[in-house]
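Nothing in this text is a laboratory measurement; each read-out follows from the coordinates by a stated rule. Because the structure is a prediction, the values reported are computed rather than measured. Don't worry about glycine lacking a Cβ; one is built from the backbone with ideal geometry, like all the others, and counts go over all protein chains shown.
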Amino acid sequence: MKTFRFAIPDAKHESPLGMLGVWNKLISCISGEFLLDKRDNGGAIIALRSLLCSATLFSLAMIFRYFSIGEKNDVLLTYLLEGFAEQIAWFGAVFGAIYAALYTRFSSQWSYMANLYNQIKQASLSECENKSSLAEWKAGFIEDAEYLHLAHKENFISIIQAWMEQPGVKEAYVKYTPGGEVRWDRLRNGVQKRYSEIVNERGSPKDHK
């Protein structure tokens with residue numbers, strides 16, 4: 001039984017001062033991906049990222065246009081504000097396109113996690129169940145949920161909370177995941193905190209085996 005996971009680069013092989021590191025940070029700022037460091041992905045984050053990305057691209061385009069014209073009658077800030085008012089339809093079109101792209105990606109990731117969960121549940125009901133491979137598969141599910149910023153979503157958190165307590169899952173995660181036990185402990189603390197908040201608000205969900 002093979003575990004399929006999204007590739008996660010090992011931090012020790014990345015140079016934060018290299019051109020690739022600078023480029024990644026720049027793209028993270030423009031796309032709003034840094035927002036996912038503190039929040040799981042979802043509709044609100046997608047809307048905020050779309051707004052940020054649209055405003056950034058619009059501002060860069062207007063700044064380029066401002067410096068490309070010969071005679072400048074307005075200061076830059078005034079030019080940007082007037083340009084925004086004049087080009088609001090263009091801004092809305094860019095926002096809509098970015099939102100659609102981000103939501104499509106989010107929907108695809110959500111479907112992947114749901115399908116993976118169903119496959120694991122089906123395998124757990126098999127008569128020839130391999131507990132070691134199943135533990136690795138569950139560890140892979142947890143890693144993917146973390147990497148895709150879905151680990152604290154209400155639909156998945158009760159699953160992750162339950163699987164984290166099962167034998168062999170932690171060992172498989174630590175063995176195959178960059179960051180190992182440190183990353184496991186950080187994720188587990190975050191999951192337990194969010195899980196407790198949900199339980200206090202809505203009661204305990206059913207157990208996941």
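Can you give the FRET efficiency for residue 60 and residue 155, using 1/(1 + (r/R0)^6), R0 = 41 Å, r = Cβ-Cβ distance, to the nearest 0.05?
0.65
Can you compute 3J(HN,Hα) from phi for each residue in the stretch 177-191, using the Karplus curve 6.51 cos²θ - 1.76 cosθ + 1.60 with θ = phi - 60°, rounded to whole Hz and x for Gly and Pro?
9, x, x, x, 5, 4, 5, 4, 4, 5, 5, 5, 4, x, 5
Under a point spin-label approximation (7 Å from Cα along Cα-to-Cβ), what is the residue 192-residue 36 distance to one decimal in nm?
Between residue 192 and residue 36, the label points sit 2.7 nm apart.
Restricting to Cα pairs below 8 Å that are 6+ residues apart, what does the relative contact order work out to for the chain? Please round to a whole percent. Intermediate results must be reported in sequence, preceding the final value.
Values: 156 pairs, mean separation 47.8, N = 209.
That works out to 23 percent.
Roughly what percent of Cα-Cα pairs across the chain reach past 30 Å?
Values: 8442 of 21736 pairs.
Of all Cα-Cα pairs in the chain, 39 percent lie more than 30 Å apart.
Within the chain, what is the longest stretch that has no GluC sites (Glu not before Pro) placed in a DSSP loop and near at most 13 other beta-carbon atoms within 10 Å?
Value returned for the longest uninterrupted segment is 15-70.
Please find, in a Gaussian network model of the chain (springs between Cα atoms separated by less than 10 Å), the residue of 42, 21, 32 whose mean-square fluctuation is greatest.
21
Is there a pair in 131/170; 25/153; 138/175 whose C-alpha atoms are over 18 Å apart, and which pairs would that be?
Violating the 18 Å limit, Cα to Cα: 25/153.
Just rank 67, 84, fewest to most, by other beta-carbon atoms within 10 angstrom.
67, 84
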